[in-house]
Structures are given as C-alpha cells and as structure tokens.
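*Asks:* Below you'll find the structure I mean.
Every number in this text was worked out from the coordinates using simple rules, so none of it is lab data. Being a predicted model, the structure only gives us computed values, none of them experimental. As a convention, Cβ positions derive from the backbone with ideal geometry for all residues, glycine included, and neighbour counts pool all protein chains shown.
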Amino acid sequence: MVALLRRHLKNEDDARVLIRELFVSAADIQPNAVSNTLTVTIHRMASPVHDRAIATLLDELTQQEFPHPETGAKMIFTLV
C-alpha cells in the first residue's frame, strides 16, 4: 500500500505515516447481501493533501476487486 500511495506523495516516509494513520482512522462498514459487497467508508484525514492521496489509494484498491476473506463479498473502499 505504501508503494501505491507513494505515487501521490513526495517521499516514502510521508506515505508510511499516512498508511499508519489510515489503519487507525475511524471507518464505517456496510454489508450489502443483495449485491454481495462490503463497503468500507473511511473518515477524512488531517489535511486535504492526505485526503486526495487516500481517496486515490482507496479507488485503486476498489478497482482491484478484493474479496472479503470470509464471505467473498467484493470490497469497496470510499472516503467521506
């Protein structure tokens, strides 16, 4: 994830710090049994620059269509 985020930030240390922030940030999880999806909505970061970088990362992760390991539901990541 740092490698994906690194494309949007000036240095690798900034990317690592932001990933750590992402892992401890507040989020909402919404399952949808009809469409077999699990939407993870991450709350905004500390700055607009970080919001843009994280939003891009989340879009890239969503495009990779990761399945949830237990349910197989498609994971969708968003930033609010």
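*Asks:* Place a point 7 Å from the Cα of V80 along the Cα-to-Cβ direction; which residues of segment 20-38 have their backbone N under 13 Å from it?
*Replies:* So the set is 26-31.
*Asks:* Please determine, in degrees from 0 to 90 and to the nearest 10, the orientation of helix 12-24 with respect to the longest principal axis defined by the Cα atoms of the chain, where the helix direction is its Cα long axis.
*Replies:* On a 0 to 90 degree scale, this one is about 40.
*Asks:* Still on this structure: Need one number: % antiparallel among DSSP beta bridges in segment 2-79, to the nearest 5. Intermediate values should be presented prior to the final figure.
*Replies:* Working: 7 of 13 bridges.
Close to 55 percent.
*Asks:* Further, regarding this structure: Amide H neighbours of M75 under 5 Å, at least 5 residues apart or on other chains, H built in the peptide plane: list them.
*Replies:* L38, F66, H68
*Asks:* Given the C-alpha centroids of segment 1-37 and segment 54-80, what is the distance between them in whole angstrom?
*Replies:* Cα centres, segment 1-37 to segment 54-80: 10 Å.
*Asks:* Express the relative contact order of segment 2-79 as a whole percentage, based on alpha carbon pairs under 8 Å and six or more residues apart in sequence. Don't skip to the end; give the middle numbers.
*Replies:* Working: 96 pairs, mean separation 22.3, N = 78.
Worked out over segment 2-79, it gives 29 percent.
*Asks:* Enter the angle in degrees (range 0 to 90, nearest 10) between the Cα long axis of helix 48-63 and the first principal axis of the Cα atoms of the chain, meaning the one along which they spread out most.
*Replies:* Computed tilt is about 40 degrees.
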